[in-house]
Each structure stands twice: as C-alpha cells, then as structure tokens.
Amino acid sequence: MRYISTRGQAPALNFEDVVLTGLASDGGLYVPETIPQFSAEEIASWAGLPYTDIAYKVMHAFIGDEIPADTLKSMIEDTYGTFKHDAVTPLKQLDSNHYLLELFHGPTLAFKDVALQMLGRLLDHFLGKRNEHAVIMGATSGDTGSAAIEGCKPCDHVDIFILHPYNRVSEVQRRQMTTVLADNVFNIAVEGNFDDCQAIVKESFNNQDFLGGKTRLVAVNSINWARIMAQVVYYFVSAVAVGSPHRKVSFSVPSANFGDVFAGYIAYKMGLPVNQFVVATNANDILHRVISKNDFSKQPLLHTLSPSMDIVVSSNFERLLFDLYDNDGAAVEDLLKRFNNEPVHIEQPRWDKARELFDSLSVDDDTTIEVIKEAFERTGELLDPHTATGYRAAETCNRDKAVPMITLATAHPAKFEDAIVKAGFKGAPLPAHMADLMEREERFSVLPADAEAIQAFVVGNKR
Ligand SMILES: *Cc1c(COP(=O)(O)O)cnc(C)c1O
C-alpha cells in the first residue's frame, strides 16, 4: 500500500515510513493512494466476529504484507487486551433506534486509547526491525498525554516525555500520567502554562540536533495515519452489530481535529453503507461552520466543559478536502494557504457533495449540562460532556429515524467531573480498576519553562 501527501509534493511512502514520519515533508498529511474496498458479502460475513478479528481484516487492508500476519495479529491482541470490556467497544441501546458506542474502556478511559495503544506497538515494531530508537515529545493539557503514555509504556524502542503545565491540569488527568512508573515514561511539569509547553515541544522539533544523531523525534498528534486506521475498525464493528450491510447506519461523532469522524468516512469509502455522519462540536465550532454554511475560518480558542474538543483548527479536515478536491494536492495547498490569513469557502459543488453525507451541530456549555441531565433521566446513562454534544447533535440532526443512529461515547464521565457536578450529580465514580488512582505513587519532574533545560533533561534520561 502506497501513501501520498494531501499537498501533492512529498514523496509517496509505504505504511512503515508513514507511521514513522507523521507529517509529510510538504506540510501535508498522508492518505492511502487508493482506498481498499470490502464487498457487502464480505462485511456481512463479519457478523458475530470478535473485535480483534475485524480489526485484523481492516488493518491488514492498509498494511498489506509489511507486517507478517502472525505479528500483526498478536499486536492487535495485545493492544485490545488492555481494554476492560470483552467487546472492546461495546454498543448500548439507548432507545428504539439510538445506540451509544462506548469507546472508553481502555487504560485512560477515553477513545484515544483505541488508536494510541496500537500506534505505540506499531512504532516499536518498526523501530525494532530497524534497530532504531525514538523519543516522543508532546505537550498536553490533559487527555492525549495520558493515552500516549499508556500506549508507549510497553515499548522497548521508545522513550516518552510529556510536558504538562505545573499545577494546571486536573488531578485525575495528572495522575493518569504521573502514576505510570515505567522506565521509559517521563512526565515533566513545566513552570508555565500550556502554551509554554507547546512552544518548547515545537522548538525541539524544529531543531533536533540536541538529540545528537540516531534518535528520532516522533510526535503524538492525530495526524498519524495509523491512528485513523485503528479508528476505522469500530465503525465496521458497530455497524455490523446493528445489521449492516443489510441496513444503512448513521453516526454522530463528538469532534475536534476531525480524526475520529474521518475514520468513519474512510469506513464508508471502503464499502460500509452509511446514511449520515453528524459532526458535533462544542463552542469551538469551526467544523460546524464549514459543514453548515461553508465558512471555513479561524475563531479564537474558547475554554469549555469538553476540553478535549477545544481547538481552533481541525487538522484532519485537510484529508477530507483532498478527497473532495479529487486528490488535487495543489488545490488543497492553495485553499489552506489562504485559510491561514482569511476565511475561505470550498467550491460549491464539492461542498454540496460533502453535505450529502455530513450534518453538524455546535453545542454550548449550558446545553451540554442540560443534555447530561436529560439523557440520564431518559436513558439512565451518565454521559461525559464530549459525548453529550454528540447525543444532542444525533437527536437534532437525525435525517431518518428508521436508520440506526450510533453516537460515539468518547470518554468516561469520571474523567470530566466538572461538568457532571454542574449537571447536579454528586460525581461519577472511577471504574473499579482505577478506583485507587488517588492513592497511587506519582512520579514527575518539575522544570522551568526553558527549552534548553528540558532538552538537557531529555538527553540525560533517554535510553
Ligand atoms: C480527542 C477527543 C475528541 C475529538 O476527536 P477528534 O478526532 O479530534 O475529532 C472527542 N472527545 C474526546 C473525549 C477526545 O479525547
């Protein structure tokens, strides 16, 4: 399988190089040159298969023979063995035709585990094969950091350094990172804010000489194709569970960087019959504006009760643009260059085409709290604030009540107690396997907001 850049200028790469490279050298994102296809008969034959079997079929289509079958199978078994539910991503019926796809049974209780557990193992496999070593550096205000740490914990060839702003992340979020006591995991509490952390990471990527030689610096953001690939799986798994491909299904997806819902779009392109994708945002509504009124423009960042969806730009939207523009990298490059400075519009016929499949809604904090209350009264389910935006969008934008609607539950409510308490609940207990989180031993280093000091720490501690 060959992968090409959405800006059309970088060299085509195989899967291994795409995983190790992240961003393409022309600033674009890698996508498969052709999308693998599954026939309706083949999809129908997956009914009743375990998650890991479907995961193998889907991932193999993107990896080809670059990883031996037995190796890939055992990687997938290891990855999803870290999930606390046998179904990996169980589906719960909320009412006659609305379902909740629980993506939060992984080690950090959020959907990013589905992809990052797999990405860690893929990186380790390819690095080991090349006898190379990588350092991962990332900045987090919460969610992605812990999922990346858990994903890299089992890796022999990866050391991970995650920067968080000292005393500025919630205790649950901090402890999910700092209680992982593996030798290759380093938490750095930076005496500064999140922007300082991000700036230091960016500077380190721009000038990697401090690592001196063979060690590779790898990013953990959602632009890595392997993350999208791993997320494609649960669209098939959940759709088949409600009767696909004999019936169409719809999905409602709490969205920020557009990685999750884009994985659904890939499943659709691979042959899954989808009626509609509903894109839910919080008040950071760039996706809602572009989908509902073809206004693709930046707005200032807002801090909301669903912090994992607080973004200004949705990086993975570029992958959809590339498809809408029939793989014309120059057109995508031109659009995104202009987008940096001014609001832009997608060419009308191309936007119309996207609208055949995509609807959207922006849900503000007050409404999110209302939805948490209302959904609990109606269904007995306590939704986390991210999932609540998806639930409301599913109900508001549903085009056809006869089609099963699957709302993606992207986080466990215990992770975002703020919103739960604001909705009038005492709180949300952590699941049993995490119940002792507040008593576990923590390990982190407090360092000044200074790139040189932090780079010296990385060099001094990497293996
Ligand atoms: C990252 C995240 C999202 C948004 O997913 P994207 O792929 O960025 O669109 C939604 N909910 C939770 C809990 C997340 O962590």
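Kindly state, to the nearest 0.05, the FRET efficiency for Lys269 paired with Ser25, given R0 = 22 Å and r defined as their beta-carbon distance.
Values: r = 26 Å, r/R0 = 1.16.
The calculated FRET efficiency here is 0.30.
Given a 1.4 Å probe and every protein chain left where it sits, what share in percent of the accessible area of segment 1-134 is carbon and sulfur?
Looking at segment 1-134 in its full context, I get 48 percent from C and S.
With every protein chain present, what accessible area does His98 have (1.4 Å probe, heavy atoms only), rounded to the nearest 10 Å²?
His98 has an accessible surface of roughly 10 Å² with all protein chains in place.
Relative contact order of the chain: what whole-number percent is it, with Cα pairs under 8 angstrom and at least 6 residues apart? Mind showing how you got there, number by number?
Values: 888 pairs, mean separation 89.2, N = 463.
In percent, rounded to a whole number, it is 19.
Taking the alpha carbon gyration tensor of the chain, what are the square roots of 5 times its eigenvalues, largest first, to the nearest whole Å?
The equivalent ellipsoid of the chain has semi-axes of 31, 27, 24 Å.
Once you order the gyration tensor axes a ≥ b ≥ c over the Cα atoms, which shape class does segment 91-231 get: rounded for a/c under 1.5, otherwise prolate or oblate by comparing a/b with b/c?
Note, shape of segment 91-231 comes out oblate.
What net charge do the residues around Cys152 carry, taking every other residue with its C-beta under 9 Å from that of Cys152, with Lys and Arg at +1 and Asp and Glu at -1?
Values: positive: Lys153; negative: Asp124, Glu150, Asp159.
Computed value for this residue: -2.
Taking the Cα-to-Cβ direction at Asp65 and at Lys353 and moving 7 Å from each Cα, how far apart do the two end points lie in nm?
Roughly 3.4 nm, to one decimal.
On average, how much accessible surface per residue is there in the chain, in Å², for a 1.4 Å probe, leaving out ligands, DNA and RNA?
Computed with neighbouring chains in place, this is 39 Å² per residue.
From the phi angles alone, apply the Karplus equation (6.51, -1.76, 1.60; θ = phi - 60°) to segment 105-118 and give each ³J(HN,Hα) in whole Hz, x where the residue is Gly or Pro.
9, x, x, 10, 6, 9, 5, 5, 4, 4, 8, 6, 4, 6
From largest accessible area down, sort Glu370, Glu102, Glu132; use a 1.4 Å probe on the protein chains.
Result, largest first: Glu370, Glu132, Glu102.
Using a 1.4 Å probe over the heavy atoms of the protein chains, calculate the carbon and sulfur portion of the accessible area of segment 240-331 as a whole percent.
51
At 7 Å along the Cα-to-beta-carbon direction for both Thr396 and Arg130, put a label point, then send me their distance in nm to one decimal.
Distance between the two pseudo-spin positions: 4.5 nm.
Nearest-5 percent of antiparallel DSSP beta bridges in the chain?
Taking every DSSP beta bridge within the chain, about 20 percent pair in antiparallel fashion.
In a shell of Cβ-Cβ distance under 15 Å around Arg227, excluding Arg227 itself, what net charge do Lys and Arg (+1) and Asp and Glu (-1) give?
Summing Lys and Arg as +1 and Asp and Glu as -1 gives -2.
Alpha carbon centre of segment 189-241 versus segment 350-404: separation in Å?
After rounding, the separation between the Cα centres reads 28 Å.
Under a plain spin-label model, where a point goes 7 Å from the Cα along Cα-to-Cβ, how far apart in nm are Lys214 and His433?
3.6
Could you pull out which residues in segment 147-162 have an amide N less than 17 Å from a spot 7 Å beyond the Cα of Asp78, following the Cα-Cβ vector?
Backbone N within reach: 148-160.
Would you please give the FRET efficiency between Glu377 and Ala182, computed as 1/(1 + (r/R0)^6) with r the Cβ-Cβ distance and R0 = 56 Å, to the nearest 0.05? Kindly include the intermediate steps, with their values, before the conclusion.
Numbers: r = 42 Å, r/R0 = 0.76.
Calculated transfer efficiency: 0.85.
Let me know the shape class of segment 334-461, please: from the alpha-carbon gyration tensor, a ≥ b ≥ c as square roots of the eigenvalues, rounded when a/c is under 1.5, otherwise prolate if a/b is greater than b/c, or oblate. Let's see the in-between values first.
On the way: a/c = 2.74, a/b = 1.17, b/c = 2.35.
It is oblate, given that a/c is not under 1.5 and a/b is not larger than b/c.
Report, to the nearest whole %, how much of the accessible area of segment 144-228 belongs to carbon and sulfur atoms, 1.4 Å probe, protein only.
On the way: 1320 of 3260 Å².
On segment 144-228, the fraction of accessible area on carbon and sulfur atoms equals 41 percent.
Run lengths n ≥ 4 of DSSP H only: what is the helix-derived mean residue ellipticity at 222 nm for the chain, with -39500 (n - 2.57) per run over all residues, to the nearest 500? Don't skip to the answer; put the middle values down first.
Values: 18 runs with 197 residues, N = 463.
Computed mean residue ellipticity for the chain: -13000 deg cm²/dmol.
When a/c reaches 1.5 or more, the comparison of a/b and b/c decides; with that in mind, is segment 165-322 rounded, prolate or oblate per its Cα gyration tensor?
Values: a/c = 1.91, a/b = 1.63, b/c = 1.17.
Prolate shape, in that a/c is at least 1.5 and a/b is the bigger ratio.
To the nearest 10 square angstrom, what accessible area does Thr144 show with a 1.4 Å probe?
About 40 Å², ignoring ligands and nucleic acids.
Among the GluC sites (Glu not before Pro) in segment 1-86, which ones are in a DSSP loop with at most 13 other Cβ atoms within 10 Å of the Cβ? Mind listing them?
When the GluC sites (Glu not before Pro) of segment 1-86 are filtered for loop state and at most 13 Cβ neighbours within 10 Å, Glu33 remain.
Provide the net charge surrounding Ser292, with neighbours chosen by a C-beta distance below 10 Å and charges set as Lys +1, Arg +1, Asp -1, Glu -1.
On the way: positive: Arg289, Lys293, Arg355; negative: Asp285, Asp295, Asp359.
Computed value for this residue: 0.
I'd like the accessible area for Val313: 1.4 Å probe, protein heavy atoms, all chains in place, Å² to the nearest 10.
60
The values are calculated or read from the model by the stated rules, or taken from the named source; none is laboratory data. Bear in mind that the values here come from a model prediction, so they are computed numbers and not experimental data. Neighbour counts run over all protein chains shown; Cβ positions are idealised from the backbone, glycine included. In case anyone asks, the SASA skips ligands and DNA or RNA and just uses the protein heavy atoms, side chains included. Shrake-Rupley method; radii C 1.70, N 1.55, O 1.52, S 1.80 Å.
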